[in-house]
Structure formats: C-alpha cells, structure tokens
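Quick one: the structure is below, and I'll ask about it shortly.
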Ligand code: SF4
Ligand code: FES
C-alpha cells in the first residue's frame, strides 16, 4: 500500500490550491450586460481584475459584483458544479462558471461571458428558465408503475441499475439544450436535457410508461429533430453522454425495445 | 403588493420542503415559496447516504440506530424524537425507492448499504452497513426524485420568491401564524401569502463561516424571520464541522470515502485516528474526527508547507471502486485541486457543514414559542428546525433521513391543521416591515459594503467559534459581531433596480447571518462545557449536571429599540438511554 508522505506529495508537483503563495494575474472579463430597466440594448462591458488563476470564473464574477459593480447579475448557489445554477457561455462555450478555472481558459486574452443562448435574457447572465423546465415536465419525469406497490423495495439488479446510471446525473443546468443549434432555431424542440431525463426513466427496469414517453418524443418536436452535432455532449458539465442517450432513445423508437 | 391565499405555505424547496409538499398538496391547497429553483437546493450537495436499519447486507435494527444517534449527539438528543427518526427511517427509504430513487443495489437486487461514521452494530461493537446510497450523489438523487414527484402531484411552486417576514398575530394571548411576506426576485414586487399553516424548510446558515461546505445561499433566512418576531432558537451553539472539506475551499468530500476504506493520514503518513478512536477509527463521529485533525495540525503533524491540513488517502482503493462508488468527489479533487486521487492523497481540512440547532419544534413539526407552547399553524422541518434528533452532533446520513421523516410529518400535520383551522386575520399593513427594509436598503447611501462586512464576519467566525473555542475567543467574536452589526446599519447597495436585484438580497442575507452569528456566539459563551460539536478548551469535559439541557435564545427589544439576546434552557427528553462517556 502506498503510504503517502509529505515528500511524495511535494515532489509529485501536485498543484496546490493556494491563494497566498501563488501569483495573482490580471485578467479581463468581457461581459454581455443587459438590463431593460436601463436600456433595451445589450452591451459588452470590460472589467479588469486581479485574481489567482486557479480560482473559478464564478470567483471572478463575485469579485466584480462585490468590489466593482454590485448590479452585475447572475445565478449561483453551490459553487461546485452540483446545483446547475450558473451555466453560461464562456469564451463561446457553454460551461458552469463554478466548474471552470480561470487558468484553463487562456486568461491572457479577454474572457468573454454571456448568457446561454436560446432562452430569453432577463438581466445580464440571467435567462428565463421556464421553457426549459416546461420541456422537462412534458416528458413525465417521474417513475410510473402499474399494479399494487410491493411492501419492500422493488428489486433491480445492479446491471439494470447501471443501464440508466449516466442519465441520472443530470443537474438540469441547460448547458446542453442551450448549446443546440436546433433549439436555437426552434424553441419548440424538446432539447437534449428533456430527452436525457426521458431516457433516465425509459431505461429504468422499474418503469412501465416507456411506450408513453416514447410517443411523446416521437412528436414533430421530439428526438427526430436531433442532428447529432454533439454540442450537447461537449457542453455537459456532468460528463453525461448526451448524444448517446438521444441515439438510444431513437433506437428504442424504431425497435420498441428498451 | 399582492395578496395570495393558500391553506398551506411551505418556505423552501429542498428535501424537507418538497417532501412536505408532496404530502400537503394531496391534502390541502399548497404553495411552495423558494428563493431558488427547487433543483438548486443544497440537499443536492449531500453525497454519502441516508441511514435506515434495513438490514439488507448485515444484521441491524432500528434500536441500534436510535442508540447511535443519541450517543452521536452526545446525549443532548431528545430521545423520543430519535426513536421516531430511526423507526420511520425504514419506510422513508422505501417511500423514496417507490418514488423512483435509483439506489445502489446488492447482487440480489435489494438496496445496497455502506458504512458511515458513528453507525455501529449492537451499541458500538463495530461499524455497521446502514447507509443507503446512490453513488456519492445520494442527496442529488433525493432532490431530483422529490422534485419529480412534486411535478407528478402538481405542486405549485413560486420560484425565486424570498420569504422575508413571518406574520404572527396574538389571539387570546396565543401567538398564531397568519402567513408570510415574500419578495419576488424577478420584479421586486412584495407578496403577502395568507395561509392557515406555514412550514419552514429553508435550510441552514453555514455561510457565516469562511471555510464551509454550504452554498452561497445558505443564510438562515427562515431562522432569522422567526427569531425577529420573538420566537426562540434552540441549541444554536452546536454547529458541525465536517472532517473532510477540500483544503481551503471547504467543498465536501463525503464520509462515504472513509466508509469505502479511505484513511486519514498526517504528514508522517500515520493513520492518526487509531490513537483517538481505537474501535471506529476513521469512522468515529464527525466532531471527534474534526478535533483529532486539528490536534494533529496544532501539534505540528499537519501536511504542506504551512502544516495546515491533513490527507484523505484513497490511493490503496482500486480505481474501479473509486469510479463506481465515489465518482463525484474524485472529480472534485481533479477539477479543483488538480490532484489524481488514484495516485495521490487529497489535502483536506474540517469545513463548516451543518447547524444542529434551529427553530424548536415538537415531533409533529409544530414550532414552539417557549419550552412547551405550540404556535398554532407554524411548522418547521429539516436543517432550519431543531426537533432535536441531532443533539450536540449529527451523525452522517441522518440529515437526509431527517428531512424525509420530519418533512413528511410536518407536511401531513400542517395540511391536517389547515382543514380544522380558519384563516387568521392579517395584521394591518402586513407588508410594512418588509417594505421598510427593502426601501431603506435601496435608498441608503452609507459607505459600508456588504462583501466587506460579510468577509470580516466569516473570518471572525472561523478564527473564534470553530472546532476549538474558549471564553476569550468567543468573547472576541461577540464583540466583533456587535461592531459589524453596527456597521451594517450604514450599508448600501449599488443596484437600485427592481429587476433581479441580487445585490439587495445579498444585503438582506447578510443581515440574517449577522443576527444568527450573534445568537450562536452568545449561546456558545454561556455553555461552559464541552459536548459534541461545541468544544470549550477552558471546559473540556461534558457537564451533565449543569448543561444537560437545550439552549433557548430569544431576541428582546428594549424600549429604545435596542435588541439583546436572552438565554433560557429546556430539559432534554430522555427515555431509555442514560448518558455514558462517549468513546469510539
Ligand atoms: S444533460 Fe448535462 S448539460 Fe444537459 S441539463 Fe443535464 S447536466 Fe446540464
Ligand atoms: S453554482 Fe451550483 S452548479 Fe455552479
């Protein structure tokens, strides 16, 4: 068994999450501002800040809000990638601000930050999430069973449990849906997140409403709109294989086997 | 100002709030007011599991679980409540499974269980596998499953509505709940919700610490709303410091990591928990492990150039096991520390994690206005409440359990009460206090900044009322908090708008944190003993003669408007367990 010692950790060169001992750098956050109380026009605004590159983009946004401009508005809560509040477009890619370290996005150039696309911007980085959650509700995202409930738990083999493990990780951040060109062009499309959550139930051996859910997704605004651009898979901060899940739903629609 | 009328109003949409909503929506017209979207709640951050003596993998029973809970809480637990918790745990887990929760499974297809700190077989003989889990995202799965079932039941949510005031009306000498006042984030509009019953399920208050596992939004809003209206707060000095937070960041790394075999080591590579807890070792209760870590650090055996942390070592566990059982926390180490847990140990330090104290309730979730009097129509459940099942120190996996058991109980009780009760007439100008608070902050021109005061508060809390406390450190904190509360009166916000004014809300949240921090410090100062999460170096022993009792803190307002804290005490409910010395 490897017994770690101080030496080992030090020479392993594991980067320390230090604040005091690491050099601060100056970065520019170029943020897309919008506040209809002030103007109907959205504008870009630059902020310069001194920050440790090992900190999160979210830390940078907080620094701006807390020290430079209190009106900068964004959603956040957990600050470590599990609540799904702070999906935004960072340097043109959808990411969670709390899961993106500044050093990983080339801080030598201005870092652009704007609201996710395809949902109405309400103020700065805050969008209207209602259409997104509506699509989620539309796929009936809850277990549906028939007959009497057992007194103990329903049995499920580890293999059956594994079958839908990936899609249970979704935190409903909308990074996938708002990176999808089909969704941008037509907000009626259910979008990848709703399909991911339908997948989570369709492939759950305990669920008995797979046919119903598949019919919903067979709709003109359903899975067939997907053009397999893989943007969603790239965007997912939970590492869910979104495109694969959509493909599995498509296959299930053809074979009616799941 | 808009006025709404509901039978039942629930404040908060984490685990406790949504579990309550599922019950109360079936029985009464219910509105859930939540400052976040429900799925953003911090229940989703819980990782390791939910305890229940299912005995799926080895012998276990709920009586052992009751004992562990009481012992874990250093005998400050109300034993009748702990019995309910442990007994109803089994159905609480089975309920969730039937709602669709994807638990980990045994080869036979039953719900799998893992070890967790403080949970033992036969009253402390050896660790027992009692925690039902879903990878290391059990809280996430509970939050998702409850939200999914809220959708199924048609629960009515008011998302991004901040409850800022609790309306209490005195009728025949009894304080009753008339409803709540809320601020709508999107529009800045103030709403009054008149209701027959109100359930607080708004979570914890951990953001008054700097190194914390708590979300930015955990600012004790429910506790503060009740406290300001003269209701007591119970046992606020008891706060849990989780042993394994990511060094300096505080992000939680589940105790399940030690349940799977992870080991804590000091700079010499020594498995130091063997010295402090010969039987349970790394799986002793959290207060014990956190103190042991700091003892190692103080005695010069901490790791790193500043010797200010220790290691959580998972390197001896097979990578497949880490991938299957601990995928999220291993990813946190990679993302935030750049460390590969397959090959390198993870630097950790204790992190402020959980408020054992809160709004006092009985086992039906009814809120108390003193040691015994119920406030008709007012309920609380989950971390905001103090039943008290956690006493002086909560066992891991008992909070996910608490929100399910007592969330369900509060939901049923509140809805049933709403059937028998009438609306209480609203006070004149029900929104006056909130309107004044909002207008004052928006028009203020003071020079103090919210972020500056908050940072100073967090620093003083970390330095003075964390794992080790003395009369002197606590007094320093009390003084500092007093100074910060003064300065807070001179605070102003930059955003003066109505739309999504999170600047304003952060100012309001800071006001809540300041009030609650003061209650915590003042309660801690008066408790001249060491028990569970409250450790006084100047009084290192438990003192059952003088302090086997719950603290009850009340806000008193003098004629001139100056407020102060009055402390009172409430007896602990004991059924069959006599206090013993706590050894692990
Ligand atoms: S699938 Fe991934 S990107 Fe899409 S909503 Fe879920 S977590 Fe976010
Ligand atoms: S703040 Fe929770 S996911 Fe980023």
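Considering the stretch B:564-584 alone, what residues qualify as being more than 21 Å from residue B:83 (Cα to Cα) and in a strand (DSSP E or B)?
Result: B:564, B:565, B:566, B:567, B:568, B:569.
The rows are residues; the columns are (1) within 14 Å of another protein chain (Cβ to nearest Cβ); (2) surrounded by 23 or more Cβ atoms within 10 Å (Cβ to Cβ); (3) part of a helix (DSSP H, G or I).
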residue: B:8; (1), (2), (3): no, yes, no
residue: B:13; (1), (2), (3): yes, yes, no
residue: B:33; (1), (2), (3): no, yes, no
residue: B:69; (1), (2), (3): no, yes, yes
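Identify, from the list A:161, A:76, A:137, A:154, the residue that is at the interface with chain B (Cβ under 8 Å from one of its Cβ atoms) and more than 30 Å from residue A:203 (Cβ to Cβ).
A:76 is the lone residue from the list that is at the interface with chain B (Cβ under 8 Å from one of its Cβ atoms) and more than 30 Å from residue A:203 (Cβ to Cβ).
Kindly indicate whether residue B:323 is closer than 17 Å to residue B:242 by Cβ, assigned to a helix (DSSP H, G or I) and within 29 Å of the chain's Cα centre (by Cα).
So residue B:323 does not fit the description; no.
Let me ask something else about it. When the stretch A:174-199 is examined, which residues are found to be under 14 Å from residue A:235 (Cβ atoms), in a loop (DSSP other than H, G, I, E, B) and away from ligand 2 (no atom under 16 Å from the Cβ)?
If the condition is that a residue be under 14 Å from residue A:235 (Cβ atoms), in a loop (DSSP other than H, G, I, E, B) and away from ligand 2 (no atom under 16 Å from the Cβ), then A:180, A:191 are the ones that fit.
Under 17 Å from residue B:238 (Cα atoms) and assigned to a loop (DSSP other than H, G, I, E, B): does that describe residue B:542?
Here the answer is yes, as residue B:542 does meet what is asked.
Could you check residue B:561 against (1) assigned to a loop (DSSP other than H, G, I, E, B); (2) buried (at least 21 other Cβ atoms within 10 Å of the Cβ); (3) without any contact (Cβ under 8 Å) to a residue 60 or more places away in the chain and say which number it fails?
(2)
Scan the stretch A:93-121 residue by residue and report those that are more than 19 Å from residue A:238 (Cα to Cα), within 16 Å of ligand 1 (Cβ to nearest atom), crowded, with 17+ Cβ neighbours inside 10 Å and away from every other protein chain (no Cβ under 14 Å).
Within the stretch A:93-121, just A:118 meets the criteria.
Please indicate, with yes or no, whether at least one residue in the stretch A:187-195 is surrounded by fewer than 19 Cβ atoms within 10 Å (Cβ to Cβ) and over 26 Å from residue B:44 (Cβ atoms).
Looking for residues that are surrounded by fewer than 19 Cβ atoms within 10 Å (Cβ to Cβ) and over 26 Å from residue B:44 (Cβ atoms), one finds at least one in the stretch A:187-195, hence yes.
Considering B:348, B:359, B:424, B:412, which residue is at pLDDT 95 or above and out of contact with any strand residue (DSSP E or B) (no Cβ under 7 Å at 6 or more places or on another chain)?
After applying the criteria, what remains is B:412.
Looking at residue B:59 and the list (1) outside any helix (DSSP H, G or I); (2) closer than 30 Å to residue B:154 by Cβ, which single condition is not satisfied?
Status for residue B:59: all satisfied but (2).
In addition: Taking the stated definitions as given, is residue B:524 in a strand (DSSP E or B), more than 14 Å from every other protein chain (Cβ to nearest Cβ) and either in contact (Cβ under 8 Å) with a residue 24 or more places away in the chain or surrounded by fewer than 23 Cβ atoms within 10 Å (Cβ to Cβ) (or both)?
Criteria not met by residue B:524.
Does residue B:250 satisfy being under 29 Å from residue B:473 (Cα atoms), in a loop (DSSP other than H, G, I, E, B), within 14 Å of chain A (Cβ to nearest Cβ) and modelled with pLDDT of 95 or more?
When the stated conditions are applied, residue B:250 passes them.
On to the next question. Across the stretch B:436-450, which residue is nearest to the other protein chains (Cβ to nearest Cβ) among those that are buried (at least 16 other Cβ atoms within 10 Å of the Cβ) and part of a helix (DSSP H, G or I)?
Restricting to residues being buried (at least 16 other Cβ atoms within 10 Å of the Cβ) and part of a helix (DSSP H, G or I), the top hit is B:450.
Mind counting the residues in the stretch B:350-377 that are in a strand (DSSP E or B) and under 19 Å from the mean Cα position of the chain (by Cα)?
Selection size over the stretch B:350-377: 13.
Just one of A:124, A:59, A:69 is within 12 Å of chain B (Cβ to nearest Cβ), surrounded by fewer than 20 Cβ atoms within 10 Å (Cβ to Cβ) and either within 20 Å of the chain's Cα centre (by Cα) or within 13 Å of ligand 2 (Cβ to nearest atom) (or both); which is it?
A:59
Does the stretch B:90-121 hold any residues that are in contact with a strand residue (DSSP E or B) (Cβ under 6 Å, 6 or more places away or on another chain) and within 27 Å of residue B:533 (Cα to Cα), and which are they?
B:113, B:114, B:115, B:116, B:119, B:120, B:121
Taking the stretch A:151-162 as the region of interest, how many residues are crowded, with 19+ Cβ neighbours inside 10 Å and in a helix (DSSP H, G or I)?
Number satisfying all stated conditions: 1.
Output the residues belonging to the stretch B:318-341 that are facing chain A (nearest Cβ under 10 Å) and farther than 23 Å from residue B:216 by Cα.
If the condition is that a residue be facing chain A (nearest Cβ under 10 Å) and farther than 23 Å from residue B:216 by Cα, then B:324, B:327, B:338, B:339, B:340 are the ones that fit.
The values are calculated or read from the model by the stated rules, or taken from the named source; none is laboratory data. Every value quoted in this text rests on a predicted model; they were computed, and no experiment measured them. Methodologically, a virtual Cβ is constructed for each residue, glycine included, from the backbone with ideal geometry; neighbour enumeration extends over all protein chains shown.
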